[in-house]
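Enquirer: Here it is: the structure, laid out below.
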Amino acid sequence: MKGIKFLGALAAASLLFSFSVSAQENNNRDENGKVVRGAYETNKWYDNTFIGVAGGVNTVFDSYESHGFELGQYGAAAELNFGKWYTPAIGVRFGWQGLSNEPRDFTHTYEAGGSKTVTFSKWAFANEEQVPFNILHGDFLWNISNSIGGYKETRFWDFVPYMSAGLLAVGADSKTLISNWEYAMGPGLLNVLRLNDRIDLTLDMTYYIVADRDFYAMPQGHVGYGRFIGFPKATVGLAFNLFKTNFDRHSSITPTIIPVPFTLDQYNDLAAKVKALEAENAALKDKIAALEAENAKYKNFKEGQTYIYQNGSFIETEATVATPAIVYFDLGSAKLSQREKAHLDFYAENALDADTELLLIGSADKDTGNAKINQKLSEQRCDAVKKYLAGKGINNVETLAEGDTNNMYNTPAKNRSVTVKIK
């Protein structure tokens, strides 16, 4: 049982070391020290895959008719595997293991009816120096470090227990065996030490259990004891990570915020702010009530109707709405025609008074002349209109000569103009 005790001690030591290393890694925690976990985005099918190679030692435990257990010699072990991590905690692995062990030669007497006895060699390959075993297996992996400590891409030591199942074959003369294949299964422990993003150092321990019936040179027509054979093995190797090697946390996950209790001073300060806001809210309600009372006298107004305020009440009235006036000029001219003077006379008498503020916007036709000439022409046109309005007693006038940059009409004649706007 020394081999089992050794593997158990090695597994316990790796578990303790893994947890101690994980406890020192804090950059997968939030500001309150709580471990941050998934959910995680799904990677492509070929991401988070790996190939592993390893070598080490194995031994054999088998049972006899005396119900005792016998430890075999130690032999070599080799393995090659391929795996994938579906989440930071769950993965699968498929592979091959090659084991070898030194055979033992002794005899056993089997009663084959009546007083007949048969003496045979326990191992069927006593003349060979090493007995080869081949195991084809699949493993279900659980990364307990990521499950408990939270996923961390740069963690140095990951502790990964797993369950393995597959087929085991003995590389001996098939004529001496009832069957050359048996089902095998058992627990395992994979320690992954991160060297860099692409390469990990692995320490792998497995204990396969196989039915103890077909690995002995039994006489034809007989079966074994119906007990079990154990294959403990430990290997050290390298794992090579392929394609994308990390997992991304889903962006829609909202970090958990743990509330921090208030101090008494903080509570009193917040209570004072709440009281002040309540007082401000009450004052705003009073202002709203006053405004509603003030606006009550306007509630019967008709849209589009003009009113005058007289003797404390509003009276409907007709009003002339002053719209912008446009004065047109001839091609290349800044002289007001008699017709446009008449338009300005009507506009000044019916829509303007001495206090009215005006803006004159001068334009020129860009289809003729050049920009410099048109700018000067628009200035002269503004001056002509301003001078004429001054003669009507309207002097609060501002001009804006825009040359040919503001041609807003689709005919050149309309762009030779001055627009009169009330400010």
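The values are calculated or read from the model by the stated rules, or taken from the named source; none is laboratory data. Note that the structure is predicted; figures quoted are calculated from it, not measured. Positions of Cβ are generated from backbone atoms using ideal geometry, with glycine treated the same way; all protein chains shown enter the neighbour counts. Ligands, DNA and RNA are stripped out before the accessible areas are found, and what is left, the full protein with its side chains, is counted by its heavy atoms. Shrake-Rupley method; radii C 1.70, N 1.55, O 1.52, S 1.80 Å.
Enquirer: Taking the options ILE315, ILE288, name whichever one is over 30 Å from GLU398 (Cα atoms) and modelled with pLDDT of 90 or more. Spell out the reasoning first.
Expert: Working: ILE315 fails: modelled with pLDDT of 90 or more.
None of the other options fit; the residue is ILE288.
Enquirer: May I ask you to list the residues in region 149-206 that are aromatic (Phe, Trp, Tyr), in a strand (DSSP E or B) and modelled with pLDDT under 95?
Expert: As a first pass, look at region 149-206 and keep what is aromatic (Phe, Trp, Tyr): 151, 156-157, 159, 162, 181, 183.
Filter again for in a strand (DSSP E or B), leaving 157, 159, 162, 181, 183.
Hits for region 149-206 are TRP157, PHE159, TRP181, TYR183.
Enquirer: State which residue pairs qualify: first residue open to solvent by less than 80 Å² (accessible area, probe 1.4 Å) and inside region 366-388, second residue among the aromatic types (Phe, Trp, Tyr) and modelled with pLDDT under 95 in any location, beta carbons under 9 Å apart, and separation of 6 or more residues or different chains.
Expert: Every condition considered, the pairs that remain are LEU377/PHE329; ARG381/PHE329; ALA384/PHE329.
Enquirer: Would you pick out the residues in region 404-421 that are closer than 17 Å to LEU352 by Cα and open to solvent by 70 Å² or more (accessible area, probe 1.4 Å)?
Expert: Across region 404-421, the qualifying residue is only LYS421.
Enquirer: Can you confirm whether region 348-356 contains a residue that is open to solvent by 60 Å² or more (accessible area, probe 1.4 Å), farther than 19 Å from ARG416 by Cβ and touching a Lys or Arg at 6+ places or on another chain (Cβ under 9 Å)?
Expert: Yes, some residue in region 348-356 is open to solvent by 60 Å² or more (accessible area, probe 1.4 Å), farther than 19 Å from ARG416 by Cβ and touching a Lys or Arg at 6+ places or on another chain (Cβ under 9 Å).
Enquirer: Is there a residue in region 395-402 that is more than 60 Å from the chain's Cα centre (by Cα), surrounded by fewer than 17 Cβ atoms within 10 Å (Cβ to Cβ), within 14 Å of PHE329 (Cβ to Cβ) and not basic (Lys, Arg)?
Expert: Checked against the condition, which is being more than 60 Å from the chain's Cα centre (by Cα), surrounded by fewer than 17 Cβ atoms within 10 Å (Cβ to Cβ), within 14 Å of PHE329 (Cβ to Cβ) and not basic (Lys, Arg), region 395-402 yields no hits at all.
Enquirer: Here's something else I'd like to know. How many residues, within region 348-394, are part of a loop (DSSP other than H, G, I, E, B) and on the phi < 0 side of the Ramachandran plot?
Expert: 16
Enquirer: Under the condition of being among the hydroxyl-bearing types (Ser, Thr, Tyr), open to solvent by 80 Å² or more (accessible area, probe 1.4 Å) and under 21 Å from SER164 (Cβ atoms), which residue from region 60-109 is modelled with the highest pLDDT?
Expert: Selected residue: TYR86.
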